[in-house]
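A.B. asks: Got a structure for you, written out below as C-alpha coordinates; questions coming shortly.
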Amino acid sequence: MALNLQDIPRVKKLDKKTFIEHYFKPQKPVVIEQQIEDWPAYKKWNLEYMKAVAGHITVPLYDDRPVDYKDGFNEPHAKMKMSDYIDLLKREPTRYRIFLWNALKEIPELQKDFTFPDFGIRLMKDIPMLFFGGQDSYTFMHYDIDLANIFHFHFEGTKQIILFDQKQNDYLYKVPHSLITREDIDFTNPDFEKWPLLAKAEGYKTELNHGEVLYMPEGYWHYMRYITPGFSMSLRAIARNPINFSRAVYNLLIMRNFDNAMRRLQGQQWIDWKNNQAIIRTHKRNGISV
(Lines give C-alpha, C1' and ligand atoms only; values in the text may rest on other atoms or scores of the structure.)
Protein backbone atom coordinates (compact mmCIF):
# COMPACT_ATOMS: atom_id res chain seq x y z
CA MET A 1 0.00 0.00 0.00
CA ALA A 2 1.28 3.47 -0.88
CA LEU A 3 0.26 7.07 -0.32
CA ASN A 4 -2.44 8.41 -2.62
CA LEU A 5 -0.26 10.73 -4.70
CA GLN A 6 -0.78 12.07 -8.19
CA ASP A 7 1.98 13.45 -10.37
CA ILE A 8 2.34 17.23 -10.31
CA PRO A 9 1.48 18.60 -13.78
CA ARG A 10 4.45 19.66 -15.92
CA VAL A 11 4.74 22.38 -18.54
CA LYS A 12 7.68 23.64 -20.61
CA LYS A 13 7.11 27.34 -19.87
CA LEU A 14 4.39 29.51 -18.36
CA ASP A 15 3.20 33.02 -19.14
CA LYS A 16 1.58 35.26 -16.56
CA LYS A 17 -2.01 34.76 -17.76
CA THR A 18 -1.80 30.96 -17.85
CA PHE A 19 -0.13 30.79 -14.45
CA ILE A 20 -2.75 32.99 -12.77
CA GLU A 21 -5.75 31.23 -14.33
CA HIS A 22 -4.64 27.61 -14.14
CA TYR A 23 -2.43 27.44 -11.06
CA PHE A 24 -2.51 30.52 -8.83
CA LYS A 25 -6.27 31.09 -8.65
CA PRO A 26 -7.12 27.40 -8.12
CA GLN A 27 -4.02 27.01 -5.89
CA LYS A 28 -2.62 24.00 -7.73
CA PRO A 29 1.09 23.07 -7.96
CA VAL A 30 2.98 22.88 -11.24
CA VAL A 31 6.51 22.07 -12.41
CA ILE A 32 7.94 24.40 -15.09
CA GLU A 33 10.73 22.66 -16.96
CA GLN A 34 12.38 25.31 -19.16
CA GLN A 35 11.50 28.67 -17.61
CA ILE A 36 15.02 29.69 -16.57
CA GLU A 37 17.26 28.44 -19.37
CA ASP A 38 18.17 32.06 -20.20
CA TRP A 39 19.44 32.72 -16.65
CA PRO A 40 23.23 32.77 -16.20
CA ALA A 41 22.53 30.60 -13.15
CA TYR A 42 21.22 27.84 -15.40
CA LYS A 43 24.73 27.26 -16.76
CA LYS A 44 26.82 28.51 -13.83
CA TRP A 45 25.13 27.28 -10.67
CA ASN A 46 26.50 23.97 -9.48
CA LEU A 47 28.23 22.83 -6.31
CA GLU A 48 31.71 23.70 -7.56
CA TYR A 49 30.64 27.23 -8.46
CA MET A 50 29.06 27.71 -5.03
CA LYS A 51 32.26 26.45 -3.46
CA ALA A 52 34.25 28.99 -5.47
CA VAL A 53 32.11 32.02 -4.55
CA ALA A 54 31.03 31.05 -1.02
CA GLY A 55 33.67 28.61 0.23
CA HIS A 56 34.99 31.04 2.83
CA ILE A 57 31.61 31.52 4.55
CA THR A 58 30.61 29.55 7.66
CA VAL A 59 27.13 28.11 7.07
CA PRO A 60 24.44 26.75 9.44
CA LEU A 61 23.64 23.04 9.06
CA TYR A 62 20.60 20.97 9.99
CA ASP A 63 19.93 17.25 10.06
CA ASP A 64 16.95 14.96 10.65
CA ARG A 65 17.31 14.46 14.40
CA PRO A 66 14.03 14.70 16.37
CA VAL A 67 13.06 18.09 17.80
CA ASP A 68 14.74 18.68 21.14
CA TYR A 69 13.31 21.09 23.71
CA LYS A 70 16.73 22.72 24.09
CA ASP A 71 16.75 23.76 20.42
CA GLY A 72 15.39 27.18 19.57
CA PHE A 73 13.12 27.79 16.59
CA ASN A 74 15.14 26.82 13.46
CA GLU A 75 18.35 26.62 15.49
CA PRO A 76 21.17 24.92 13.48
CA HIS A 77 22.66 21.61 14.63
CA ALA A 78 26.18 22.37 13.38
CA LYS A 79 28.27 24.90 11.43
CA MET A 80 30.92 24.40 8.78
CA LYS A 81 32.88 26.30 6.15
CA MET A 82 30.98 26.15 2.86
CA SER A 83 34.01 24.69 1.08
CA ASP A 84 34.23 21.84 3.60
CA TYR A 85 30.49 21.25 3.41
CA ILE A 86 30.49 20.96 -0.40
CA ASP A 87 33.46 18.59 -0.21
CA LEU A 88 31.40 16.50 2.21
CA LEU A 89 28.37 16.52 -0.12
CA LYS A 90 30.46 15.26 -3.02
CA ARG A 91 32.40 12.70 -0.99
CA GLU A 92 29.66 10.75 0.81
CA PRO A 93 25.98 10.74 1.83
CA THR A 94 25.28 13.13 4.72
CA ARG A 95 22.19 14.17 6.62
CA TYR A 96 23.42 17.73 6.94
CA ARG A 97 21.40 20.32 5.02
CA ILE A 98 21.53 24.10 4.65
CA PHE A 99 18.12 25.55 5.33
CA LEU A 100 16.78 29.06 4.66
CA TRP A 101 20.22 30.57 3.94
CA ASN A 102 20.08 34.10 2.56
CA ALA A 103 23.30 33.56 0.63
CA LEU A 104 22.50 36.32 -1.87
CA LYS A 105 22.76 38.87 0.93
CA GLU A 106 26.24 37.58 1.86
CA ILE A 107 27.32 37.08 -1.77
CA PRO A 108 25.76 39.93 -3.79
CA GLU A 109 27.34 38.77 -7.05
CA LEU A 110 24.91 35.83 -7.13
CA GLN A 111 22.08 38.30 -7.71
CA LYS A 112 23.45 38.93 -11.21
CA ASP A 113 22.80 35.32 -12.16
CA PHE A 114 18.99 35.40 -12.13
CA THR A 115 15.99 37.68 -12.58
CA PHE A 116 12.73 37.68 -10.68
CA PRO A 117 10.12 36.04 -12.94
CA ASP A 118 6.91 37.94 -13.67
CA PHE A 119 4.07 35.54 -12.96
CA GLY A 120 1.62 38.23 -11.94
CA ILE A 121 2.19 38.07 -8.19
CA ARG A 122 4.63 40.28 -6.29
CA LEU A 123 7.67 38.36 -5.06
CA MET A 124 9.55 39.38 -1.92
CA LYS A 125 12.86 40.42 -3.43
CA ASP A 126 14.86 40.82 -0.24
CA ILE A 127 14.74 37.18 0.90
CA PRO A 128 15.74 34.72 -1.81
CA MET A 129 16.69 31.62 0.19
CA LEU A 130 19.06 28.77 -0.68
CA PHE A 131 18.77 25.14 0.45
CA PHE A 132 21.49 22.47 0.12
CA GLY A 133 21.42 18.76 0.87
CA GLY A 134 23.43 15.57 0.56
CA GLN A 135 22.33 12.27 -0.88
CA ASP A 136 19.34 10.86 1.06
CA SER A 137 19.04 13.90 3.34
CA TYR A 138 15.49 15.13 3.75
CA THR A 139 13.19 17.61 5.42
CA PHE A 140 10.37 16.52 7.70
CA MET A 141 6.90 17.03 6.25
CA HIS A 142 6.10 20.64 7.09
CA TYR A 143 4.62 23.86 5.79
CA ASP A 144 6.20 27.30 5.95
CA ILE A 145 5.44 29.61 8.84
CA ASP A 146 4.22 32.41 6.56
CA LEU A 147 2.08 30.14 4.30
CA ALA A 148 3.65 31.87 1.31
CA ASN A 149 3.33 31.13 -2.38
CA ILE A 150 6.70 29.59 -3.25
CA PHE A 151 8.69 29.15 -6.45
CA HIS A 152 11.37 26.52 -5.83
CA PHE A 153 14.23 26.49 -8.39
CA HIS A 154 16.42 23.40 -8.34
CA PHE A 155 20.10 23.17 -9.34
CA GLU A 156 22.34 20.13 -9.79
CA GLY A 157 21.09 16.63 -9.15
CA THR A 158 17.61 15.36 -8.40
CA LYS A 159 15.22 16.06 -5.55
CA GLN A 160 12.08 14.09 -4.61
CA ILE A 161 9.01 16.15 -3.61
CA ILE A 162 5.76 15.15 -1.87
CA LEU A 163 3.06 17.80 -1.33
CA PHE A 164 -0.28 18.02 0.49
CA ASP A 165 -2.65 20.97 0.67
CA GLN A 166 -4.12 22.23 3.94
CA LYS A 167 -7.35 20.28 3.32
CA GLN A 168 -5.43 17.13 4.23
CA ASN A 169 -4.57 18.31 7.76
CA ASP A 170 -7.00 15.90 9.42
CA TYR A 171 -5.04 12.92 8.08
CA LEU A 172 -1.38 13.97 8.42
CA TYR A 173 -0.84 13.68 12.20
CA LYS A 174 -0.01 17.36 12.54
CA VAL A 175 1.84 18.27 15.73
CA PRO A 176 -0.06 21.07 17.54
CA HIS A 177 1.62 24.46 18.05
CA SER A 178 4.06 23.68 15.24
CA LEU A 179 4.38 23.40 11.47
CA ILE A 180 5.30 19.71 11.19
CA THR A 181 3.76 16.27 11.18
CA ARG A 182 5.04 13.49 13.43
CA GLU A 183 8.74 13.24 12.67
CA ASP A 184 8.76 9.42 12.81
CA ILE A 185 6.52 9.10 9.75
CA ASP A 186 8.43 7.89 6.70
CA PHE A 187 6.55 9.53 3.84
CA THR A 188 8.47 7.47 1.28
CA ASN A 189 7.29 4.21 2.87
CA PRO A 190 4.66 4.92 5.55
CA ASP A 191 3.53 2.35 8.10
CA PHE A 192 -0.25 2.40 7.62
CA GLU A 193 -0.84 0.16 10.62
CA LYS A 194 0.76 2.78 12.83
CA TRP A 195 -0.54 5.80 10.86
CA PRO A 196 -3.87 4.58 9.39
CA LEU A 197 -5.28 8.02 8.52
CA LEU A 198 -2.47 8.64 6.03
CA ALA A 199 -4.36 6.32 3.69
CA LYS A 200 -7.05 9.00 3.35
CA ALA A 201 -4.67 11.84 2.47
CA GLU A 202 -4.55 12.94 -1.18
CA GLY A 203 -1.36 14.60 -2.34
CA TYR A 204 1.12 15.18 -5.13
CA LYS A 205 4.58 13.95 -6.08
CA THR A 206 7.38 14.78 -8.50
CA GLU A 207 11.14 14.79 -8.95
CA LEU A 208 12.94 18.05 -9.68
CA ASN A 209 16.02 18.16 -11.88
CA HIS A 210 18.50 20.91 -12.70
CA GLY A 211 16.80 24.09 -13.94
CA GLU A 212 13.25 23.02 -13.12
CA VAL A 213 10.89 25.19 -11.08
CA LEU A 214 8.18 23.99 -8.70
CA TYR A 215 5.30 26.29 -7.78
CA MET A 216 3.93 25.45 -4.32
CA PRO A 217 0.68 27.24 -3.44
CA GLU A 218 -0.06 28.88 -0.10
CA GLY A 219 0.51 26.74 2.95
CA TYR A 220 1.24 23.51 1.10
CA TRP A 221 2.83 20.77 3.17
CA HIS A 222 6.11 19.63 1.60
CA TYR A 223 8.53 16.77 2.12
CA MET A 224 11.81 16.95 0.18
CA ARG A 225 14.49 14.29 -0.19
CA TYR A 226 17.76 14.79 -2.04
CA ILE A 227 18.21 11.77 -4.30
CA THR A 228 21.62 13.17 -5.20
CA PRO A 229 23.56 16.11 -3.70
CA GLY A 230 22.22 19.43 -4.89
CA PHE A 231 20.69 22.76 -3.96
CA SER A 232 17.67 24.95 -4.62
CA MET A 233 16.58 28.57 -4.37
CA SER A 234 13.14 29.67 -3.19
CA LEU A 235 11.39 32.92 -4.07
CA ARG A 236 8.18 33.69 -2.23
CA ALA A 237 5.10 35.90 -2.31
CA ILE A 238 2.91 36.61 0.71
CA ALA A 239 -0.32 34.68 1.17
CA ARG A 240 -3.21 36.35 -0.66
CA ASN A 241 -6.04 34.37 0.94
CA PRO A 242 -7.15 36.40 4.00
CA ILE A 243 -7.44 33.26 6.14
CA ASN A 244 -3.95 32.13 5.22
CA PHE A 245 -2.55 35.63 5.78
CA SER A 246 -4.11 35.81 9.26
CA ARG A 247 -2.72 32.36 10.09
CA ALA A 248 0.71 33.52 8.95
CA VAL A 249 0.54 36.53 11.27
CA TYR A 250 -0.58 34.27 14.14
CA ASN A 251 2.28 31.83 13.48
CA LEU A 252 4.89 34.57 13.37
CA LEU A 253 3.70 36.68 16.30
CA ILE A 254 2.03 34.19 18.66
CA MET A 255 2.52 30.49 17.90
CA ARG A 256 6.31 30.64 17.52
CA ASN A 257 6.80 32.62 20.74
CA PHE A 258 4.31 30.48 22.69
CA ASP A 259 6.05 27.27 21.62
CA ASN A 260 9.49 28.61 22.57
CA ALA A 261 8.15 29.71 25.97
CA MET A 262 6.64 26.28 26.65
CA ARG A 263 9.92 24.58 25.69
CA ARG A 264 11.70 26.71 28.28
CA LEU A 265 9.05 26.05 30.95
CA GLN A 266 8.32 22.35 30.43
CA GLY A 267 11.31 21.04 28.49
CA GLN A 268 11.03 17.63 26.86
CA GLN A 269 7.64 17.09 28.52
CA TRP A 270 6.20 19.73 26.17
CA ILE A 271 7.67 18.04 23.07
CA ASP A 272 6.38 14.63 24.18
CA TRP A 273 2.90 16.05 24.89
CA LYS A 274 2.70 17.62 21.45
CA ASN A 275 3.76 14.41 19.72
CA ASN A 276 1.17 12.44 21.65
CA GLN A 277 -1.52 14.99 20.87
CA ALA A 278 -0.76 14.64 17.15
CA ILE A 279 -2.07 11.08 17.34
CA ILE A 280 -4.93 11.75 19.76
CA ARG A 281 -6.33 14.73 17.86
CA THR A 282 -5.97 13.14 14.43
CA HIS A 283 -7.79 9.98 15.51
CA LYS A 284 -10.52 11.88 17.35
CA ARG A 285 -11.25 14.07 14.32
CA ASN A 286 -11.76 10.91 12.32
CA GLY A 287 -13.89 9.04 14.85
CA ILE A 288 -11.20 6.60 15.96
CA SER A 289 -11.19 5.66 19.64
CA VAL A 290 -8.08 6.62 21.54
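A.B. asks: All but one of (1) part of a loop (DSSP other than H, G, I, E, B); (2) touching a residue at least 60 places away in the same chain (Cβ under 8 Å); (3) surrounded by fewer than 16 Cβ atoms within 10 Å (Cβ to Cβ); (4) not β-branched (Val, Ile, Thr) hold for GLU193, so report the exception by its number.
C.D. replies: All conditions are met except number (2).
A.B. asks: Consider segment 124-152. How many of its residues are modelled with pLDDT of 95 or more, closer than 14 Å to ALA237 by Cβ and in contact with a strand residue (DSSP E or B) (Cβ under 9 Å, 6 or more places away or on another chain)?
C.D. replies: Of the residues in that region, 7 qualify.
A.B. asks: Of the residues ILE279, ILE271, ILE243, which single one is surrounded by fewer than 16 Cβ atoms within 10 Å (Cβ to Cβ) and either part of a helix (DSSP H, G or I) or out of contact with any Phe, Trp or Tyr (no Cβ under 6 Å at 6 or more places or on another chain) (or both)?
C.D. replies: Residue meeting the stated conditions: ILE243.
A.B. asks: If you check every pair at least six apart or on different chains, which have Cβ atoms under 7 Å apart with a residue in segment 75-88 that is closer than 11 Å to LYS51 by Cβ and without any contact (Cβ under 8 Å) to a residue 12 or more places away in the chain first and a residue that is charged (D, E, K, R) and surrounded by 15 or more Cβ atoms within 10 Å (Cβ to Cβ) second?
C.D. replies: none
A.B. asks: Among ILE145, ILE150, which is of a type in the set (Val, Ile, Thr), farther than 27 Å from ARG263 by Cα and either touching a residue at least 24 places away in the same chain (Cβ under 8 Å) or assigned to a strand (DSSP E or B) (or both)?
C.D. replies: Unique residue meeting the criteria: ILE150.
A.B. asks: Also, quick follow-up: Tally up the residues in segment 24-53 that are within 22 Å of the chain's Cα centre (by Cα) and in a helix (DSSP H, G or I), please.
C.D. replies: 5
A.B. asks: Okay, moving on. Determine which single condition ASP165 fails, assuming it passes every other condition in (1) over 15 Å from MET233 (Cβ atoms); (2) surrounded by fewer than 19 Cβ atoms within 10 Å (Cβ to Cβ); (3) in contact with a Phe, Trp or Tyr (Cβ under 7 Å, 6 or more places away or on another chain).
C.D. replies: (2)
A.B. asks: Where the second residue is part of a helix (DSSP H, G or I) and the first is within 12 Å of PRO217 (Cα to Cα) and lies in segment 235-250, which pairs have Cβ atoms under 7 Å and are six or more apart or on separate chains?
C.D. replies: ILE238/PHE245; ALA239/PHE245; ALA239/ALA248
A.B. asks: Applying the selection to segment 135-152, what residues are within 20 Å of ASP184 (Cα to Cα) and small (Gly, Ala, Ser)?
C.D. replies: Residue satisfying the conditions is SER137 alone.
A.B. asks: Still on this structure: Of all residues in segment 76-128 being hydrophobic (A, V, I, L, M, F, W, C) and assigned to a loop (DSSP other than H, G, I, E, B), which is surrounded by the most Cβ atoms within 10 Å (Cβ to Cβ)?
C.D. replies: Filtering first and then ranking leaves PHE119.
A.B. asks: Do we have ASP118 as of a type in the set (Asp, Glu), closer than 30 Å to TRP195 by Cα and at pLDDT below 95 here?
C.D. replies: No: the conditions fail for ASP118.
A.B. asks: For ASN149, state whether it is within 21 Å of LEU252 (Cβ to Cβ) and surrounded by fewer than 20 Cβ atoms within 10 Å (Cβ to Cβ).
C.D. replies: In short, no.
A.B. asks: Between a first residue in segment 3-23 that is in a helix (DSSP H, G or I) and a second residue that is of a type in the set (Gly, Ala, Ser), which pairs have beta carbons less than 6 Å apart while being 6 or more apart in sequence or on different chains?
C.D. replies: LYS16/GLY120; ILE20/GLY120
A.B. asks: Which is more than 22 Å from ASP126 (Cα to Cα), crowded, with 22+ Cβ neighbours inside 10 Å and of a type outside the set (Val, Ile, Thr), of MET216, MET255, MET224?
C.D. replies: MET224
The values are calculated or read from the model by the stated rules, or taken from the named source; none is laboratory data. This is a predicted model, so every value here is computed, not measured. Reconstructed Cβ throughout: ideal geometry from the backbone, glycine too, with neighbour counts over all protein chains shown.
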